[in-house]
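Some notes on the structure that comes next.
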Amino acid sequence: MKAIVLAAGKGTRLAGLTKNIPKPMLPIKGKPLLEHIISYLNNNGIIEIGINLFTMPEQIIDYFGNGSRFKVKIEYSREDELLGTAGSLLYFSDWLKGEDFLVIYGDILTNQPLAPMIEMHRDKHAFATLLLHRRQASNSYIALDQYSKIIEFIERPGEHEMERLKQLHPEGFLVNSAVQIINNIALNYIETHKCFDLPRDVYCKVLKEKDLYGYVLEGERMAIDSPERYEQACHADFIK
């Protein structure tokens, strides 16, 4: 299986940390954030990796090159404008050669084993299989049935909706972890040359007609989306 790392974001929520360096190159325990992600994929048997670029792309290409130094093969896609988490995928369609693929956001660090998630995806013949974790509040809400099929997906709930969800699930609820395995047919649901979002413009819209499944996180997971989270990552035990 091939993987696509979405690494084109501007990293604006990290304030001055990304003034002169793209977020994927932020050092964590002596290695760039993106190197940790590439090592994670490699350790899970994925060595063909696509990376989309927008912000200061030369720094990333100069460091990683074709990936051989890290025992992987890297395919790059440069964006002239940000295309979102879904729009970026179309530029890898020929490279994917009709196969299902994994997508991980470029600010996610996790030690979740991928093999059981891939097995579920294949066994269920899923349109997409999403890694999920439990949170008290988030920008997504996902409910599963007894067979791990996603039966409800609310992306970016409003203030009143969030309060309702908190009351219904005081223990926390399942949310999108930004790691997913996607059936190649999903590319047909993405419009070309537009900023398109995977959760909002694809998953939520096909939920009633396609089979989406959730795999609940068993390991550790962290999103590097604020200076505080970055500081935590620099001291997290599961990140080597």
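The values are calculated or read from the model by the stated rules, or taken from the named source; none is laboratory data. These figures come from a predicted structure and were not determined experimentally. Ideal geometry is used to build each Cβ from the backbone, glycine not excepted, and the neighbour counts take in all protein chains shown.
Assorted remarks:
- Y40 vs. criteria out of contact with any strand residue (DSSP E or B) (no Cβ under 6 Å at 6 or more places or on another chain), at pLDDT 95 or above and crowded, with 18+ Cβ neighbours inside 10 Å: yes
- The set of residues in the stretch 172-222 that are under 21 Å from S77 (Cα atoms), under 16 Å from the mean Cα position of the chain (by Cα) and aromatic (F, W, Y) contains only F196.
- F153 being at pLDDT below 95, among the aromatic types (F, W, Y) and either under 18 Å from the mean Cα position of the chain (by Cα) or not in a loop (DSSP other than H, G, I, E, B) (or both): yes
- Hey, P113 outside any strand (DSSP E or B), in contact with a Phe, Trp or Tyr (Cβ under 7 Å, 6 or more places away or on another chain) and not small (G, A, S) or not: no
- Filtered residue count, the stretch 13-59, keeping only those that are within 18 Å of the chain's Cα centre (by Cα) and polar (S, T, N, Q): 6
- Residue match in the stretch 219-230 (condition: touching an Asp or Glu at 6+ places or on another chain (Cβ under 8 Å) and either part of a helix (DSSP H, G or I) or aliphatic (A, V, I, L, M) (or both)): yes
- V202 closer than 24 Å to S88 by Cα, surrounded by 13 or more Cβ atoms within 10 Å (Cβ to Cβ), at pLDDT 95 or above and of a type outside the set (K, R): yes
- Taken as a whole, the condition of being surrounded by 13 or more Cβ atoms within 10 Å (Cβ to Cβ) and touching a residue at least 60 places away in the same chain (Cβ under 8 Å) applies to I239.
- Among residues of the stretch 74-110, those that are out of contact with any strand residue (DSSP E or B) (no Cβ under 7 Å at 6 or more places or on another chain) and either part of a helix (DSSP H, G or I) or surrounded by 18 or more Cβ atoms within 10 Å (Cβ to Cβ) (or both), counted: 7
- Each residue in the stretch 1-24 was checked for being part of a helix (DSSP H, G or I), surrounded by fewer than 24 Cβ atoms within 10 Å (Cβ to Cβ) and either at pLDDT 95 or above or not hydroxyl-bearing (S, T, Y) (or both), and 5 pass.
- Every pair of residues 6+ apart whose Cβ atoms lie under 9 Å, when the first sits in the stretch 105-123 and is within 19 Å of I37 (Cα to Cα) while the second is aromatic (F, W, Y) and outside any helix (DSSP H, G or I): L109/F238; T110/F238; N111/F238; Q112/Y215; P116/Y215; M117/Y215
- Within the stretch 33-59, if we keep just the residues that are assigned to a helix (DSSP H, G or I) and touching a Phe, Trp or Tyr at 6+ places or on another chain (Cβ under 8 Å), the residue that is farthest from Y230 (Cα to Cα) turns out to be N42.
- Any hit, the stretch 69-79, residues being modelled with pLDDT under 95, more than 15 Å from the chain's Cα centre (by Cα), over 20 Å from V179 (Cα atoms) and of a type in the set (A, V, I, L, M, F, W, C): no
- Failed item in (1) at pLDDT 95 or above; (2) over 15 Å from V179 (Cβ atoms); (3) surrounded by 18 or more Cβ atoms within 10 Å (Cβ to Cβ); (4) of a type outside the set (S, T, Y), with H125 passing the rest: (3)
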